[in-house]
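Data first, discussion second: the structure below is written as C-alpha cells.
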Amino acid sequence: MATTVAQGVHGRRRVGQGETFWQFRRYETGDSPQSIDWRQSAKSDRVFVREMEWEAAQSVWIWRDTSPSMSWTSSPELPEKRRRADILALALSVLLIRGGEFVTFLGSDLRPSNGKTTLERLAKVIDRGDRENNGLPPVLPLPRFAQVVMIGDFLSPLDEIEDAARSYAARGVKGHLLQVLDPAEELLPYDGRTRFEGLEGEQSWLLSRVESVREPYRKRFKAQCEGLGEIARRLDWGYSAHRTDKSPNTALLALYLAMTQDRGR
Amino acid sequence: MLDLGLLAFTQPWLLATLIGLPLIWFLLRVTPPAPKTLAFPAVRLLLGLDPPEETPARTPLWLILLRMLIILLIIFGLAQPLINPAAQLPGNGPVVLVIDNGWAAAKNWDGKVNAMVEVIDRAEREDRAVVLLRTAKRSPESRADLSPLLPAGEARELAQGIQPHPWQVDRLAALETLESQDLEGSAYIVWLSDGLADADSNAFAERLQAFGDVTVLQDQAGALAKIVRKPGDDGLELVVPVERASSEGIENLTLTALAEGGTIVAREAVAFQSGDKTAELRLRLPTELRNRVTQLSLESESSAAATYLLDESSRRRPVGLVTAGSAQQSQPLLSEVYYLQRALEPYSEVRQGSIDELLARKLAVLALPDIGNLTTDESDRLGNWVESGGLLLRFAGPRMAADNDDDLLPVRLRGGDRILGGALTWDSPATLSDFAAGTPFAGLDIAGEVTVERQVLAEPSLELGEKTWARLSDGTPLITADPRDKGWVVLVHTTANTDWSNLALSGLFVDMLRRIVAVSQGVADGNANSIPLPPLEVMNGFGRLVSPGASVMPLPAATQPETADTPDTAAPAGGVAVDPNHPPGFYGEDAKQRIAHNLANHLPALEPLGVISGVEAASYSKSEEIDLKPWLLLAALILALADMLLSLFMRGLVRPQMPSAATAIAVSLGIASGGLLAGDARAQSLVDEGRALEATLETRLAFVLTGAERVDGISEAGLQGLTRILRRRTSVEAGAPLGVNIERDELAFFPLLYWPITTDQRSPSPDAVRKLNDYLNNGGTILFDLRDPSATARIQGQQSQTNLALQRLTSDVNIPSLEPVPPEHVLRKSFYLMQEFPGRYAGGNLWIETSESQANDGVARVIVGSNDWAGAWAITDLGRPILPVVPGKEAQREMAYRFGVNLVMYALTGNYKADQVHIPFILERLGQ
C-alpha cells in the first residue's frame, strides 16, 4: 500500500486531477478507455492517454458516521463498522497528508492542515469516541473547491442523505461517499421468529419467519445502495461500498485512486 | 395395588392426576413460543415487511399432542404398572427366606440373589416383614445367621450383600435358631436351596412346614454343583476324578490346569456319560508343566469344591540324584549322572546335589551312582531316611567293587568284580534273561542287544532269589532289592554309564527306572513341621483365591489334612475339617512350603435334593412379571429431548442446514438414519460429478487451498487476473480458476497447480501424498510459491520458515532434483522471451526440475520460486490490481503476467517450443 502510493505523491507538480494539460503518455493496461486522447493517438501507431497536472488541493474534509448504528457487528470475528470507518478515515488522512493535502475531520473544529502534528490531533479526535445520534453529516460552510469524504453506513432515508450531500455540492464541494456495511446487513442471515430492534430508537419489528422476507429485504437493500450511487452520480461525486469482512486495503486504494485520478475529468 | 388381570398398578392413586390433563392442554394451547430479540441497524429497511404466510401464533397441534403424550407417559410410569403381576403371597405373617449359602450355592448365585430380591419385592408390596436365615455358619461359634424381622427395604440391602461361603451348610442348626425366634402369624417360607441333599435335609423340610407354607427353589439337575476330587498319579498321567450330583444325561465340561499366577497350563474336555455320577480325566503333561500346576478347576463351575489345589505332595515323585563333586563334570557325557538324568527326566522330577542338600527336601527316590564310600554320618542319615519310606537306588562300579562293607545294600557282595567277555575270559558278554512275574519289571520287553560286560556279584544266600528283581541269562542277579521298614534299598549290579554295560544306552533302562520310581512311596505330605501353618491364600465362596481374612486360623500342626495314599474321601476321618476358621486354600509360610487344604476331600458323595413331600417346588427362573415404570419414564425422557430439539428448531436457535446437528438429532432420537445417510452419499457423489464437470468442461487454472483465507483469496484473484490476461493475449480461453483441496478433490483435471506455501499449512495425509505423486507422475505440473522474498537463493539448506514449511509439506512427495532455470530453458521462450521471472517481488531464483529427467515428455513437474506471482496477478472484479509490486512499477507486474503466460503455455504445450522453429527470430532479436 505504502509503496503504491509513495510512487506518485511527490508534490503538486505531477499528474493528477486538474484542469491543465500535463502530458501524453502511452496507454497502459488498466487505464480507462475513456482517458485515451484520440487526436493524439491518431497521429501515430501508439495509443496515448492525456494526463492533467494535479492541481493543488484546497483541503479535504473527512466525515465519519458516529451514530450508535455504527457501533455494531454481527459476529465477534468482524470489527465494528465504526472501528473500520475510523481506520479508513485515518489511513486516508495519512495518504492525503503525504500527498500534500490539507486534511481535517468534519465537525472536529480543527483547521485543515498537513503539518506534522495533524495526524496526531486527528487520532485524538478518533480516540475521544464522540457519539452523535444523527447518521448524517452536519451542514457546515466549507470553502469552495474543498473535497469532502463521507464514511458511514448511510442507512437513513435516501432523500435525507441527498439533502445533506446536495447542501455541500451546492457550494461546489466535491465529495465521495464510502458506505461501510456489515455482511449481515446485506445478507440478513437470520431464521425463525425474531424481533429486530433498531439502535437509534427506531420502531422494533417482529418477524415470525425471517427467512421468508429475505428476498424482499435484499431488494430493498440493493435499492438503498443503488439509490446512494445514483445520488453520487447526480452530484458528480464518487461512491463506493465496503463490507467489514473484506480487506480495508482495497477500499482505501479504490477511494484514493478515485480521489487522485478519476476525479475532475 | 390395582389389579386388572394382565395389568396391575402399584400406585393407582397417581392415576387421579389424569384429571389435570385438560388444564395442561389449555395452558399449552395458549402459549406461543417466545421470539428471540436481535439488535439490527438496518431495521428501517425491514419495517413493513411481512412474511407471505402468517405463522400461527399458537403452538401447533402435533406439538401439543407430543407434550400431552409425555405427561401421560410420566403419570402412567409413576403409577408403576406391572404386566403379568404375580399372585399374592400365602400366609399373613412375615416372609422367611431360608438361604443355603454354602459352597454348593455359588453356582448361579446371581439367580439366587435375583430370586431373593423378587420375593422381597413382593413382600414389600404386601407390606410384610422379611426374615433372612442363612444356613452356612459365619463362624464355628455362631450357630447360624438369622436376621430379625426387617422391613423389605432393609432386607433387600442385606440380601444383596449375602455371599456364599466355601464350606458346608448346617441346616438343622439354622432351623433351631429360627425356632427360637418368635414369628407372628403364619409365615411364608421360601427355601433357596443349593439343590444338594444331606443327612438331615428331609427332616429340615418337614420341620420348616410347621411355620407355614414352604416353597423350595432349586436349580435344574444339570446346573447343580460339581466336584473335582483328589487327583491320582500313575507315573505318567494325572488322573483327575470329577463328580456330579445327578446321574442323568450327558454333560460336557472343561477342566483347566492353572499354574501359579493363573496361567493356563492345560485345558481338556471331560464328559459325564449318561447314568454316571463320576468321570475321569487323564491329563498327560510334560514334567516341567505338570509340576507347575497348582490348581485344577472346572470352567464355568464357580465353587470352592470345583477347584482342587495342588501342593508339593501331588507333584511327580521327586528323585534326588547325588552328584559327587566336580570330577565328574570334566567329562559330562560319560558320567553316570548324565545317563541317570536323561533316563529319569521323562517321568519324574530330578534334583541334583549332595546327599545333605537332597535330604533337606522331600524325596521319593534317591539315586546314588558309584561315588565310593559314604561317611558314617551320611550313611546314618540315609538309613533313617530309607526306614521312614525312602527308596535308595544304588549303582555298582569300580569303587563299590573295591570296597563293599556297606550296609546300605540289599545283598552282601563278594569282593571284586566279574568280567565277562574281556580279553582274558572265555565268556561272551551276558544278556538279560526275561523278567520274572512278581517283580516290578514284569511285562517289560527285553531288548536283545543289552549286554553286560562287568558286574559285582552277590554272596549266595537263601533270600537271594526273593531279593532279585532281574537276572542275567546265566542266572546271576543284575538288580536286587531289599525292603527296609517302610522303604527300599535297590542295587543295580552294574554301572549307570557305559563302562560296564550298554544297559544305560537302551530304552529299557528308562522303563526300568520308571518302574523302580513307581515302587517308591512318594512323598509323605501334611504339616510335618510340627508347627501351625498360617494361612497363605484362602478360597472365597466362588472358588477364587484371595488373601485370608482376620478370622482365618492357622492349620494345626502334626495333623495331616489329607492322607497321601489313602484317598478315603467318603469318610473324612482325621485332619482338620473345612469350616469358617479353616477355609480351603493354601497354608504355609511361603509358596515353596505350602500345604493345600481342599474342600473336596471332606465332602460326601453328592446327592440331589429331589422332590420333598408337602413342599411346593420351583426353580430359579425369572418371574413373568414385567415392571413398565423404567420403560415408560425412558420413553418420556426421549420424547422430552425430542421436544426440546424441536422447540429449539422452531425458534430458529438450531439451524436445520447444519448437517452435524441433523445427524446428532437423528442419532439421539434413535431414528434409523440409514435412509438419511444413503441420501447423503448420493448427494456427495452428485457433488463430485458436478465438480468434475465443472473442472473439465473448460480448461481451468487451479490453486491449492491453504486454509488461510487471505492467501486463498489472493490466489484466486491472482489466477483470475492471469486467466484474463491469457484470454486477452493468447488462444488459451480458460474458465474461472478453481481452488483445490488436496485432501478431498481430484487433481487429475488440472494441467497446472499453483501452490502458495504458508507456514501453518497442515501436512498432507498419506492419501493426499499418494494423489500428489500420481498427479506428478502422470503429467501434472506444480508451481510452489514460497511468497517470501528472503527465501530466495537456495532451497536446500537455508532454513527460513517458508523453506521449512515447504520441506515439511513435500517430505513424502516425490520431488525430482531441481536446478535454477537454465538460460536456454523452454520456460524462457514458450510465449514471451524472458530473462527474469519477477512476481510481486523481484530477484528470487526460480528452480525447476532438471532436464535430465525425461518424465512427462520433458515438461518439468515441479517449479519452485518465491516471488509471490499470485500477488502480482491479483486483480479485483473491476480489473484493478490489489497488491503493489516491489520494487518495480507496473512494468514489473507486466513481467509477472508474462511469466504466467509462459508458464501456462509451457504446461499446456509441453516442449514443442524447444524445437528449432524460433531460432531465426531469436537470432534476429539477438542482433546476429
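The values are calculated or read from the model by the stated rules, or taken from the named source; none is laboratory data. No experiment lies behind these values; they were computed from the predicted model shown. Backbone-built Cβ (ideal geometry, glycine too); neighbour counts: all protein chains shown.
Numbers below:
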quantity	calculated
Entirely in the stretch B:331-403, the helices (runs of 4 or more DSSP H) that have 1 or more residues that are within 47 Å of the chain's Cα centre (by Cα) and more than 18 Å from B:ALA496 (Cα to Cα)	B:355-359
Of all residues making up the stretch B:366-414, the number that are touching a Gly at 6+ places or on another chain (Cβ under 8 Å), among the charged types (D, E, K, R) and crowded, with 17+ Cβ neighbours inside 10 Å	1
Strands (runs of 3 or more DSSP E) within the stretch B:1-98 that include 1 or more residues modelled with pLDDT under 75, over 20 Å from B:ALA640 (Cβ atoms) and away from every other protein chain (no Cβ under 14 Å)	B:2-4
Of all residues making up the stretch B:784-802, the number that are modelled with pLDDT of 80 or more and more than 22 Å from B:ALA896 (Cβ to Cβ)	0
A:TYR168 more than 10 Å from every other protein chain (Cβ to nearest Cβ), under 23 Å from B:ARG880 (Cβ atoms), hydroxyl-bearing (Ser, Thr, Tyr) and under 20 Å from the mean Cα position of the chain (by Cα)	no
Subset tally (residues that are free of Cβ contacts under 8 Å to residues at least 40 places away in the same chain and either in a strand (DSSP E or B) or acidic (Asp, Glu) (or both)) for the stretch B:434-462	1
Set A:LEU207, A:LEU178, A:LEU235: member being touching a strand residue (DSSP E or B) at 6+ places or on another chain (Cβ under 6 Å) and more than 9 Å from chain B (Cβ to nearest Cβ)	A:LEU178
First in the stretch B:373-398 and under 22 Å from B:GLY415 (Cβ atoms), second anywhere and among the small types (Gly, Ala, Ser), Cβ under 7 Å, 6 or more apart	B:PHE395/B:ALA496
Positions within the stretch A:93-112 being over 13 Å from A:ILE62 (Cβ atoms) and surrounded by 14 or more Cβ atoms within 10 Å (Cβ to Cβ), in sequence order	A:ARG98, A:GLY99, A:GLY100
Test: A:SER59 is buried (at least 17 other Cβ atoms within 10 Å of the Cβ), touching a residue at least 40 places away in the same chain (Cβ under 8 Å), more than 14 Å from chain B (Cβ to nearest Cβ) and polar (S, T, N, Q)	yes
Residues of the stretch B:213-270 classified as part of a loop (DSSP other than H, G, I, E, B) and over 33 Å from the mean Cα position of the chain (by Cα), total	9
Criterion violated by B:TRP167 - all others in (1) farther than 23 Å from B:VAL552 by Cβ; (2) at pLDDT 85 or above; (3) in contact with a strand residue (DSSP E or B) (Cβ under 6 Å, 6 or more places away or on another chain) satisfied	(1)
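Residues checked against (1) farther than 18 Å from B:LEU368 by Cα; (2) out of contact with any Gly (no Cβ under 8 Å at 6 or more places or on another chain); (3) surrounded by 13 or more Cβ atoms within 10 Å (Cβ to Cβ):
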position	(1), (2), (3)
B:SER428	yes, no, no
B:ALA458	yes, yes, yes
B:LEU462	yes, yes, no
B:LEU472	yes, yes, yes
B:PRO477	yes, yes, yes
B:VAL490	no, yes, yes
